[in-house]
1. Between Asp275 and Val181, what is the spin-label point distance in nm, taking each point 7 Å from the Cα along the Cα→C-beta axis?
2. Which length gain, in nm to one decimal place, applies between Arg40 and Asp242 when the Cα-Cα distance is subtracted from 0.36 nm times their residue separation?
3. Could you rank the peptides 298-305, 311-318 by their average count of other C-beta atoms within 10 Å per residue, with the highest value first?
4. Name the shape class, rounded, prolate or oblate, that the alpha-carbon gyration tensor gives for the range 187-282, where a ≥ b ≥ c are the square roots of its eigenvalues, rounded holds for a/c under 1.5, and otherwise prolate holds if a/b is larger than b/c and oblate otherwise.
5. What does the helix-only formula give at 222 nm for the chain: each DSSP H stretch with n ≥ 4 adding -39500 (n - 2.57), the total divided by the residues, and the result rounded to the nearest 500 deg cm²/dmol?
6. Can you bin the range 91-137 into rounded, prolate or oblate? Criterion: square roots of the alpha carbon gyration tensor eigenvalues sorted a ≥ b ≥ c, rounded for a/c under 1.5, prolate for a/b above b/c, oblate for the rest.
7. With the contact rule set at Cα under 8 Å and sequence spacing of 6 or more, what percent relative contact order holds for the chain?
8. Only helices at least 18 Å long along their axis, Cα-based, and averaging -0.5 or more on Kyte-Doolittle count here, so list those DSSP H runs from the chain.
Amino acid sequence: MSDVNPHVRVVIVGDVFDDIIVRPTSGIRTDTDTLASIERRAGGSAANTAAWLGSLGTLVDFVGRTNVTDTSRHENLLRDSGVTPHLAGELVLPTGTIVVIVEANDTRTMLTEKGANVDTSPADLTDSMLSAAAHLHFTGYTLFSGQPVAGFTDLVRRAKAHGVTVSVDPGSSGFIVDHGVRGFLEAVEGVDILFPNLDEGRELSGRTDAAGIVDALAEHFPVVALTLGRRGALVGAGTGVDALRIPISCVPAEPRDTTGAGDAFDAGFLAGLFDGLTASDRPLAAQGEGLRRRLEQAGTSGVAAATRAIQIVGARPGGVVPHDALG
């Protein structure tokens, strides 16, 4: 593959949504009106990550499903971010939709209609796509969308057979509660990089502190990149005397909309991990200081992308900067 295209190519399979972002101007009053600003933006955890990754200059393919009436619109939106889309159009199921209610203190309530995403299958990602890729990414939203979980375990095996590394974002602590820690860990066996946030890390590890979470999850995954909101991230690799634990700080920023911040982190991390490498390079095979430098670069890039994401409305890099943020 490297003889044809020396650049790193990432393939992402998963959810694509229409996000309806609602920001009430006051507390929500039941049985009557509450004034709010309402924005319609493209979303979906996996599609968001693809868009951020493409905007950062990485070659990326995205595989997903929408209703056929929305397919061209979503394809064009992805292309605008530098993504090569591979969207199947459903005739009956609607495009997935999420109503995101953003309230004070960064609190978000999400009401979700999965729509066409329930038919997104590991089989949608062909061996020819994997053979052209250096890395595969998917999320818990897709893992638990309704398709047999065993198909995703097999997808990880297929990727490994092509020499492709794999990352997973759990997507939601609620999914872990619903399906069980053991079920999740078994489904993603063989994954190289896990991207949990603090709540997901706590559910998966049974620990409450960041260091303890990373130590526990490092028993299952070669690399754990734990996001900590305003405190940045903690990146870990390995266990025992050879363990690496790399705290990544962030520059404080006033959040305008935290939707998609974790997706942006994932993209920034992957862009930083592969920056300057060719498709034949294997950054996770490095050891010692070489691996530390690569993971620190990845973590710093991830936090920078997440910081940028929270300063715009919407989950994609093309989101709107509110007028009051322009000074």
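Read-outs: derived from the displayed coordinates by stated rules, not from any lab. Just so it is clear, the structure is predicted and the values come from calculations on it, not from any experiment. Cβ coordinates were reconstructed from backbone atoms using ideal geometry, including for glycine residues, and neighbour counts include every protein chain displayed.
1. For Asp275 paired with Val181, the spin-label model returns 3.5 nm.
2. 68.0 nm
3. So the peptides 298-305, 311-318, ranked by packing, come out 298-305, 311-318.
4. Taking the square roots of the gyration eigenvalues as a ≥ b ≥ c, the range 187-282 is oblate.
5. -9500 deg cm²/dmol, from helical runs alone.
6. Oblate is the answer for the range 91-137, as a/c is 1.5 or above yet b/c matches or exceeds a/b.
7. RCO, the chain: 17 percent.
8. 261-274
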